[in-house]
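To start, the structure under review is shown below, and the notes come after it.
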Amino acid sequence: MLNHTPTLLLAVHGTRSPRGTAVAHSLALRVAEITHRPTRLAFADVLDPTVEQVAATTPGPLVVVPAFLTSGYHVRTDIPHQLALAGRADAVITPALGDHPALTATARKRLEAAGHRPGDTLVLGCAGTSDPHAQTELDQAAQRLSQQMDTPVHLAYAATNTPTVTDKVTELRTAGHTRISVAAWLLAPGLFHDRLSDSGADTVAAPLCPDAAIAHAVADRYLSACLPQPART
């Protein structure tokens, strides 16, 4: 168990979209309300303050919760590197958020709110990754959503990987699928979600945030890191 009250450092990717940045600040505020613990927001990329900057100026124990849907480059390499540069190799880094049950449940809720109909062909629109470990996690996310929705789920990407969401929608239409819904496996609005919206699908779900369930998932990660760990034998 960590001594004293650790600060929760919420590490998000960063975006040039003002809407996406507002969502990140809103998420941090909601997490602080849930946990009643000191909470600081930092950006792994694009914006300041960086994870390194915040970690270097935060005294005492530190729990870093990566607000990412997979444990790709930023979670496995970049954030630990920034913490090391800040002299905070003592910080505890929790798993990414993607496999938390609240994420799949929220994706389903967003789909239904956007107008998804039973029988729609379903695409899970992700940011994309070149990391094989993260790709496996995306495959697992598609499987979980398929179980939730009781229908096959096709993976497609806004960047990095192929097929793009637009190409997948076009391919499905050519194959005779008349109604296509896209679930957004993205936390916040921005360029990637705009690409989902422009894909030509009949229904495109909103990003997972803002939603109280995502803030509770972050809180769960933090609180689990604060629990006593089983003794090693």
For Arg144, what charge total do you get from the other residues with a beta carbon under 15 Å from its beta carbon, if Lys and Arg give +1 and Asp and Glu give -1? -1
Regression test value, accessible area per residue of the chain, probe 1.4 Å, units Å², expected 48 Å²
Taking only C-alpha pairs under 8 Å that are 6+ residues apart, what is the relative contact order of the chain in percent? 24 percent
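Hey, could you get me the Stokes-Einstein D for region 82-175, Kirkwood radius over alpha-carbon pairs, 37 °C and 0.692 mPa s, rounded to whole µm² s⁻¹? Display every interim value, and only then the final one.
On the way: Rh = 15.1 Å.
D = 217 µm²/s.
Once you charge only the Cβ atoms, +1 for Lys and Arg and -1 for Asp and Glu, what is the size of the charge dipole of region 71-121 about its Cα centre, to the nearest 20 debye? Before the final figure, lay out the partial values.
Details: 6 positive and 5 negative charges, 32 e Å.
With only Lys, Arg, Asp and Glu charged at Cβ, the dipole is about 160 debye.
With all distinct Cα pairs included, what does the Kirkwood hydrodynamic radius of the chain come out to in Å, to one decimal, could you say?
Values: mean 1/r = 0.0548 Å⁻¹.
Hydrodynamic radius (Kirkwood, Cα pairs) of the chain is 18.3 Å.
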Between His154 and residues 5 or more places away or on another chain, which pairs have amide H atoms under 5 Å apart, with H built 1.01 Å from N, and which residues are they? Leu122, Val123, Leu124
Fraction of accessible area attributable to carbon and sulfur, the chain (%, probe 1.4 Å): 53 percent
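Grab the beta carbon distance between Ala22 and Ala212, set R0 = 25 Å, and tell me the FRET efficiency rounded to 0.05. It would help to have the intermediate numbers written out before the result.
Details: r = 16 Å, r/R0 = 0.65.
Computed FRET efficiency for Ala22 and Ala212 comes out at 0.95.
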I want to check the label-to-label distance for Arg173 and His4. Put each point 7 Å from Cα in the C-beta direction and report it in nm to one decimal. 5.9 nm
Amide H of Asp202: which non-local residues (sequence gap of 5 or more, or other chain) have their own amide H closer than 5 Å, using H built in the peptide plane? Ile180
So what's the net charge close to Asp78: Lys and Arg +1, Asp and Glu -1, counting the other residues with Cβ under 13 Å from its Cβ? -2
Give me the Å³ per residue figure for the convex hull around the C-alpha atoms of region 41-135. 128 Å³
Using alpha-carbon coordinates, inclination of helix 18-35 to the longest axis of the chain, degrees: 50 degrees
Principal-axis tilt of helix 165-174 within the chain, Cα atoms, nearest 10 degrees: 20 degrees
Relative to the longest principal axis of the chain, what angle (0 to 90°, nearest 10) does the C-alpha long axis of helix 132-149 take? 60 degrees
Ratio of Rg to Rh for region 130-183, alpha carbon only, Kirkwood? 0.98
Between Asp194 and Lys109, what is the spin-label point distance in nm, taking each point 7 Å from the Cα along the Cα→C-beta axis? 2.8 nm
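State the percent of C-alpha pairs, over all pairs in region 163-223, separated by a distance greater than 19 angstrom.
Working: 751 of 1830 pairs.
When every Cα pair of region 163-223 is considered, 41 percent fall beyond 19 Å.
Excluding Ile180 itself, what net charge comes from residues whose Cβ is under 9 Å from its Cβ, given Lys and Arg +1 and Asp and Glu -1?
Details: positive: Lys168, Arg173, Arg179; negative: Asp120, Asp202.
That sum, taken over residues with Cβ under 9 Å, equals +1.
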Against the globular-protein guess of 2.2 N^0.38 Å, express the Cα radius of gyration of region 132-233 as a ratio, rounded to two decimals. 1.33
Once phi is turned into θ = phi - 60°, what whole-Hz ³J(HN,Hα) does the Karplus curve with 6.51, -1.76 and 1.60 give for every residue of region 60-68, x standing for Gly and Pro? x, x, 9, 10, 9, 10, x, 7, 10
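The values are calculated or read from the model by the stated rules, or taken from the named source; none is laboratory data. Small disclaimer: the values here were computed from a predicted structure and weren't measured. With ideal geometry, Cβ positions are generated from the backbone for all residues, glycine too; neighbour counts draw on all protein chains shown. Each accessible area value is taken on the protein alone, full model and side chains, heavy atoms only, with ligands, DNA and RNA left out. Shrake-Rupley method; radii C 1.70, N 1.55, O 1.52, S 1.80 Å.
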